[in-house]
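Inspection log for the structure reproduced underneath, given as structure tokens.
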Amino acid sequence: MSRFPLSRQLMALLLCLYSLVLTGCAGSYPEVEPGFESNWQAQPHQAQVYLIPSASEALARRIEAIRQAQQSIDITYFSWNKDLSGLMLLNELKLAADRGVQVHIVLDDLLIFNETWLAELGQHEKMEIRIFNPFNSRKTGWLGRSIDFERHRAQLDNRLHEKYFNVDGQLMILGGRNIGDDYFGFSQEANFFDLDVVFKGDIIQAFMDNYQQLWNSELLTPVTALIKTKEAGTYRQFNQALERAQTKHSQVAEAIASSLTSLSAMSFIDAEVTPVFDSLDKVKDNKPYFRTRVERLMEEPINNANKAVISSPYLIPGQSKYKIIETLTQHNAAVTLITNSSASNDSAFVPAYFEQYRPELLEMGVELYEFKDNAINDNHLYHGATYYHNKTFIFDDKLSYIGSSNFDPRSNFLNIEFGVVIDSPAFAAKLTDYLLGKKEQLFWHVSLAEDGTISWRSDEESHDASPNYGGWHKLPDWIIRQLDGEFEL
């Protein structure tokens, strides 16, 4: 125990902030019956797939698709930033609505407060915005939201983590990106290394059906019912925010315009694609519907794979076990893990846990690559801090996963997720190159010596502790130790 212990009130606040924003690492898990989801059946579909090769193109493809929309645009995102990229994309959606396209947007409420600029758009007769599982607090900032969460945790712990973009039922974009400058390589402070895939074909109908279930559910509330605005149809605050962002970040605006003019035809790959959807019942019982369905779909590859690449921003074990990694390594599959380094992680408390489990993973014999906190990605306009955000796996250079789910307890038990498994050696090759084609430039190769010491190497540089992780970075480690002693986690 610290010589200067935190008050119980402050500890409680830290705990709920940690639980709200982080991964649900600690916390109890519901009991799952042995036959859970045994009746679920995979339904493969034919599709054409295109891996977007750069962050700037990911935004340009969305803008291009919106401008070509004729009937409908359906969208779901966990977060949508009030920065230039976010405001420009909303403006494109408003322009589409102005010409008669029906726009539906679903957003999670975690990062939405009293956003009147957003509610103004929700008043458009052809543009409806609904909020998932809204908080009771709206005008009191993070402190009020944290208190709200602590009081109503059972209600508010479940969040919508899907990322979905569908235009006219003809083109769909799935992946890990949220909407904001930092996801498209345009932030001067920090950017994410992430990925998106464009889909065409029969697969889109399955996602349209899933979206309709969400849209009609009682879990969504119109933004106009949560946030009051003044006169409808003026869009005053939205227009002011967009104008300020365009003026302040004119270089980014020019770069976005340039990326649009340089777009070329997409080279699609034919593939069989199997969707995996979560169940909205998770909000009621917190059972791992999505995780279990993915495991059932991948049972044969997991048990027989010779090679696997697993990529996740957060490698936090479920119930202190890496079950799938254990299964793979026990039958001598070559396993490559890609994740954040402790210094590059965007969630402050995750490294405190991962530091404990890294030796266990290395002892299993995996090849571990950790993203550098100062990695320079060629397709980013600015280079500040960098975070790793790719959520994918590749088995035997053939089966690839693309989706919203991290491989952690929060995605398993709390968040609503979805994803697809793509059966295509050609696509798997492109995805592998996207992730690891510049591994010497972007990653530390982490290895375990016979004497138990761990080293981080990149070219000629070598470290015997997590690079650039120290001082204030380790404050969350101390907080977790205090919380572990004060609360049952």
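A few notes on this one:
- Screening Ile376 against (1) farther than 24 Å from His161 by Cβ; (2) β-branched (Val, Ile, Thr); (3) in contact with a Leu (Cβ under 6 Å, 6 or more places away or on another chain) leaves a single unmet condition, (3).
- Identity of the residue in segment 370-380, hydrophobic (A, V, I, L, M, F, W, C) and open to solvent by less than 50 Å² (accessible area, probe 1.4 Å), that ends up modelled with the highest pLDDT: Phe371
- The listed residue being under 21 Å from the mean Cα position of the chain (by Cα), more than 30 Å from Tyr29 (Cα to Cα) and buried (at least 16 other Cβ atoms within 10 Å of the Cβ), out of Leu414, Leu431, Leu448: Leu431
- Contact map, segment 284-297: first residue over 14 Å from Tyr29 (Cα atoms), second residue open to solvent by less than 50 Å² (accessible area, probe 1.4 Å) and among the aliphatic types (A, V, I, L, M), Cβ cut-off under 7 Å, separation 6 or more or different chains; pairs are Phe290/Val276; Arg293/Val276; Val294/Val276; Leu297/Ala42; Leu297/Val276; Leu297/Val421.
- Filter pass, Thr247 being part of a strand (DSSP E or B), among the hydroxyl-bearing types (Ser, Thr, Tyr), without any contact (Cβ under 8 Å) to a residue 60 or more places away in the chain and at negative phi: no
- Checking Val252 against (1) closer than 30 Å to Tyr401 by Cβ; (2) touching a Phe, Trp or Tyr at 6+ places or on another chain (Cβ under 6 Å), the condition it does not meet: (1)
- Of all residues making up segment 269-310, the number that are open to solvent by less than 70 Å² (accessible area, probe 1.4 Å), of a type outside the set (A, V, I, L, M) and over 24 Å from the mean Cα position of the chain (by Cα): 1
- Residue within segment 396-418 that is without any contact (Cβ under 8 Å) to a residue 24 or more places away in the chain and over 19 Å from Leu442 (Cβ atoms) present: no
- Residue within segment 179-202 that is more than 26 Å from Val276 (Cα to Cα), touching a Ser or Thr at 6+ places or on another chain (Cβ under 6 Å) and in a helix (DSSP H, G or I) present: yes
- Here Arg153 meets the list (1) modelled with pLDDT of 95 or more; (2) touching a helix residue (DSSP H, G or I) at 6+ places or on another chain (Cβ under 9 Å) almost entirely, failing just condition (1).
- Some residue of segment 213-225 being farther than 20 Å from Asp278 by Cβ and in a strand (DSSP E or B): yes
- For segment 108-141, filtering for residues that are under 21 Å from the mean Cα position of the chain (by Cα) and either of a type in the set (A, V, I, L, M, F, W, C) or modelled with pLDDT under 90 (or both) leaves 8.
- Complete set of residues in segment 80-115 that are within 16 Å of Asp181 (Cα to Cα) and either in contact with a Lys or Arg (Cβ under 9 Å, 6 or more places away or on another chain) or open to solvent by less than 10 Å² (accessible area, probe 1.4 Å) (or both): Leu84, Ser85, Gly86, Leu87, Leu89, Leu90, Glu92
- Selection of segment 226-244 for residues being closer than 17 Å to Leu90 by Cα, open to solvent by less than 60 Å² (accessible area, probe 1.4 Å) and assigned to a loop (DSSP other than H, G, I, E, B) yields Gly233, Tyr235.
- Of the residues making up segment 188-211, at least one is of a type in the set (S, T, N, Q), at pLDDT below 95 and either open to solvent by 10 Å² or more (accessible area, probe 1.4 Å) or closer than 18 Å to Glu417 by Cβ (or both).
- Residue within segment 160-178 that is open to solvent by less than 10 Å² (accessible area, probe 1.4 Å), in a loop (DSSP other than H, G, I, E, B) and out of contact with any strand residue (DSSP E or B) (no Cβ under 7 Å at 6 or more places or on another chain) present: yes
- The residues on offer are Phe443, Phe407, and the sole one that is open to solvent by 40 Å² or more (accessible area, probe 1.4 Å), among the aromatic types (Phe, Trp, Tyr), within 25 Å of Tyr353 (Cβ to Cβ) and in contact with a strand residue (DSSP E or B) (Cβ under 8 Å, 6 or more places away or on another chain) is Phe407.
- Residues in segment 324-369 that are in a strand (DSSP E or B), out of contact with any Leu (no Cβ under 8 Å at 6 or more places or on another chain) and open to solvent by 40 Å² or more (accessible area, probe 1.4 Å): Ala334 alone.
- For segment 285-295, the condition holds for at least one residue, the condition being that it is out of contact with any Asp or Glu (no Cβ under 7 Å at 6 or more places or on another chain) and farther than 25 Å from Ala154 by Cα.
- Among the criteria (1) in a helix (DSSP H, G or I); (2) surrounded by fewer than 18 Cβ atoms within 10 Å (Cβ to Cβ), the one Glu125 does not fulfil is (1).
- Residues that are small (Gly, Ala, Ser), within 30 Å of Arg457 (Cα to Cα) and at pLDDT below 95, drawn from segment 406-436: none
The values are calculated or read from the model by the stated rules, or taken from the named source; none is laboratory data. For clarity, every value in this text was computed on a predicted model and none was experimentally measured. Please note: Cβ atoms are built from the backbone with ideal geometry, for glycine as well, and neighbour counts cover all protein chains shown. Note: accessible area is taken over every heavy atom of the protein model, side chains too, but ligands, DNA and RNA are not part of it. Shrake-Rupley method; radii C 1.70, N 1.55, O 1.52, S 1.80 Å.
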